[in-house]
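Worksheet: the structure to be examined is printed underneath.
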Amino acid sequence: MNLFNQTIIAMEQLSSQLLEMPLHRRRFIFRSTQTLLSVALFGNMYGADASGMVASHDAMTGAGPGDKIILPPLEAKTEQEKGPLPNPDPIDQRVGYAVVGLGHLALEEVLPAFAASKKSKLVALVSGDRDKALIVARQYGVDAKNIYTYENYDTIKDNKEVEAIYIILPNGMHAEYTIRGAKAGKHILCEKPMANSVSECEQMIKACTDANRKLMIAYRIQYEPNNADIKKMVRDEEYGKVKTIVAVNGQNTGDPKQWRLNKKLAGGGSLPDVGIYCLNTIRYLTGEEPTEVFAQISTDTSDERFKEVEDTVLFQLTFPSGIHAICTSSYSHHQSRNYRVYAERAYFGMDPAFAYGGLQIHKSYAKGEEEISETPKRTPKNHFALEMDHFSQCIREDKKPYTPGEEGLQDMKIIEAIYASAIQGKPIPLKKYPGKDLFRGTDPENLK
Ligand code: NAD
């Protein structure tokens with residue numbers, strides 16, 4: 001009798017006893033039997049290891065929030081691993097989100113990302129446009145009774161389905177909607193930049209602390225695996241000490257009437273909108289806080305787009321370990337979103353680095369007479385699903401998010417110093433902080 005037949009007979013014998021057993025015991029036996037069957041059917045040919053476990057399966061044991069599905073691998077062990085199945089949490093156990101603001105980011109990226117999330121679900125919408133909200137609600141299966149306006153937003157406190165609020169409004173509205181949301185008893189995920197000023201950031205942190213609610217700033221780059229790989233290369237000094245990091249983020253901005261070019265709604269020009277990626281990502285890669293900034297701003301004020309906010313910003317950051325960063329942000333050059341790290345024995349980075357997709361590391365180093373150029377490719381992941389699921393997990397496990405309000409506040413302090421440096425035409429010293437990751441919470445790596 002072969003292993004397959006033996007397994008079928010064993011399953012039949014077990015089935016009559018299973019119903020008598022407690023649920024957790026039944027699950028364990030069911031999983032173990034699945035494993036045996038998988039090995040019997042596919043193991044020898046396609047990658048079962050010597051212990052009898054099937055490669056890539058991470059869910060054979062251990063109690064999760066529900067049963068996990070296991071499929072046998074299709075490809076040989078020589079192929080790139082796909083990783084385990086997503087196995088999302090059951091829908092009734094996920095954190096329910098209200099999304100505030102149904103503009104480009106919400107409709108193009110965040111709402112579709114709920115389909116890729118494992119711990120988060122969309123349950124409510126907040127919009128000033130009832131007709132648009134009704135269409136979106138039907139598209140994403142949101143109950144029409146869970147549509148709110150900016151005026152009745154505070155009544156969301158009575159909606160038990162909503163545990164978290166994701167604020168995707170113009171920057172100048174982040175503080176008000178965070179504070180009102182925290183007072184309504186909800187956890188807050190707020191888009192970058194956190195707000196328009198240090199003072200607003202402090203008020204947001206206080207409101208969430210007073211309400212005993214969590215606050216996370218949506219720095220999606222800090223939850224993205226390629227950037228995590230580069231962070232590791234930098235921190236482990238894989239190619240020696242890092243000397244310089246150069247980062248660019250900009251695009252040629254259109255419609256002069258959009259809120260991004262309105263000082264009250266945007267807080268500034270390219271710096272808080274896209275330059276913040278250079279600043280925040282370099283702080284993340286190094287874990288260090290800059291001790292000095294030096295900046296220049298270049299704006300053609302005859303251009304009707306730049307009546308209120310700046311165009312191009314060039315800023316340098318000095319870090320305690322001796323790393324220097326050179327960054328630019330702009331609203332008037334062709335779209336470019338990249339960074340490169342220059343270390344003692346290699347340079348590495350990504351282009352694009354800050355886009356929603358298409359990220360791929362490039363590194364170059366010498367080996368004998370050759371200069372080796374590598375472009376390792378990862379299976380792409382949805383940045384927004386990763387960041388939302390991190391926040392949901394922190395809510396469920398009562399952990400501090402990796403990018404809490406304090407992380408957004410620190411960026412805003414540095415942004416204010418960058419403006420001050422450009423105005424005064426001299427370097428501005430910053431408060432010195434010893435150690436690394438001082439403003440961050442639980443590392444996503446520890447929450448898998
Ligand atoms: P958007 O203009 O497309 O959407 C803004 C939404 O706010 C719209 O639905 C608009 O109707 C609503 N709104 C309410 N009151 C408004 C007012 N007084 N003026 C203008 N709009 C008003 O903007 P967006 O690109 O979706 O950006 C929203 C936020 O998301 C910003 O804070 C931005 O920095 C951030 N963002 C983050 C990323 C990222 O990758 N994390 C990318 C893009 C935007």
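The values are calculated or read from the model by the stated rules, or taken from the named source; none is laboratory data. Predicted, not measured: the structure shown is a model, and the values here were computed from it. We place every Cβ from the backbone using ideal geometry, glycine too, and count neighbours over all the protein chains shown.
Assorted remarks:
- Residue that is nearest to the chain's Cα centre (by Cα), among those in segment 202-220 that are surrounded by fewer than 23 Cβ atoms within 10 Å (Cβ to Cβ), of a type in the set (A, V, I, L, M, F, W, C) and part of a helix (DSSP H, G or I): I205
- In the set Y347, Y419, Y339, Y402, only one residue is surrounded by fewer than 19 Cβ atoms within 10 Å (Cβ to Cβ) and hydroxyl-bearing (S, T, Y); that residue is Y347.
- For E374: the one exception among (1) more than 30 Å from V95 (Cα to Cα); (2) touching a Pro at 6+ places or on another chain (Cβ under 7 Å): (2)
- The lone exception for K264 - which of (1) buried (at least 23 other Cβ atoms within 10 Å of the Cβ); (2) touching a Gly at 6+ places or on another chain (Cβ under 6 Å) it fails: (1)
- Considering segment 329-344, the residues that are over 17 Å from L285 (Cα atoms) and assigned to a strand (DSSP E or B) include one that is farthest from the chain's Cα centre (by Cα), namely S330.
- Conditions (1) buried (at least 23 other Cβ atoms within 10 Å of the Cβ); (2) under 23 Å from the mean Cα position of the chain (by Cα); number of the one not met by V313: (2)
- If you filter segment 82-121 down to residues that are among the small types (G, A, S) and surrounded by 15 or more Cβ atoms within 10 Å (Cβ to Cβ), you find that the one that is farthest from A175 (Cα to Cα) is A116.
- Just one of the listed residues (A164, A195, A182, A175) is under 24 Å from A115 (Cα atoms), crowded, with 21+ Cβ neighbours inside 10 Å and touching a residue at least 24 places away in the same chain (Cβ under 8 Å), and it is A164.
- Scanning segment 143-194 for residues that are under 21 Å from E109 (Cα atoms), hydrophobic (A, V, I, L, M, F, W, C) and not in a helix (DSSP H, G or I) turns up I147, V162, A164, I165, I167, I168, L169, I188, L189, C190, M194.
- Residue in segment 167-209 that is farthest from M388 (Cα to Cα), counting only those that are within 14 Å of the ligand (Cβ to nearest atom) and among the charged types (D, E, K, R): E200
- Taking segment 73-121 as the range and being of a type in the set (D, E) and at pLDDT 95 or above as the test, the residues that pass are D89, D92, E108, E109.
- Segment 350-395: number of residues that are within 16 Å of the ligand (Cβ to nearest atom) and not in a loop (DSSP other than H, G, I, E, B): 10
- Taking the criterion of being out of contact with any Lys or Arg (no Cβ under 7 Å at 6 or more places or on another chain) and within 15 Å of the ligand (Cβ to nearest atom), the only residue of segment 225-249 that qualifies is N227.
- Filter result (under 15 Å from D67 (Cα atoms) and either within 16 Å of the chain's Cα centre (by Cα) or free of Cβ contacts under 8 Å to residues at least 40 places away in the same chain (or both)) within segment 84-117: P84, L85, P86, N87, P88, D89, P90, I91, D92, Q93
- Breaking point among (1) within 16 Å of the ligand (Cβ to nearest atom); (2) surrounded by fewer than 24 Cβ atoms within 10 Å (Cβ to Cβ), for F294: (1)
- Applying a threshold of 8 Å to beta carbon distances and a minimum spacing of six or more residues, or different chains, the list of pairs starting in segment 263-282 at a residue that is farther than 14 Å from Q251 by Cα and more than 9 Å from the ligand (Cβ to nearest atom) and ending at one that is among the charged types (D, E, K, R) and part of a helix (DSSP H, G or I) reads L279/D411; N280/E407; N280/D411.
- Scanning segment 231-262 for residues that are in contact with a Leu (Cβ under 6 Å, 6 or more places away or on another chain) and more than 24 Å from E200 (Cβ to Cβ) returns K231, V234.
- Count of segment 230-267 residues, restricted to those that are assigned to a strand (DSSP E or B) and touching a strand residue (DSSP E or B) at 6+ places or on another chain (Cβ under 7 Å), is 10.
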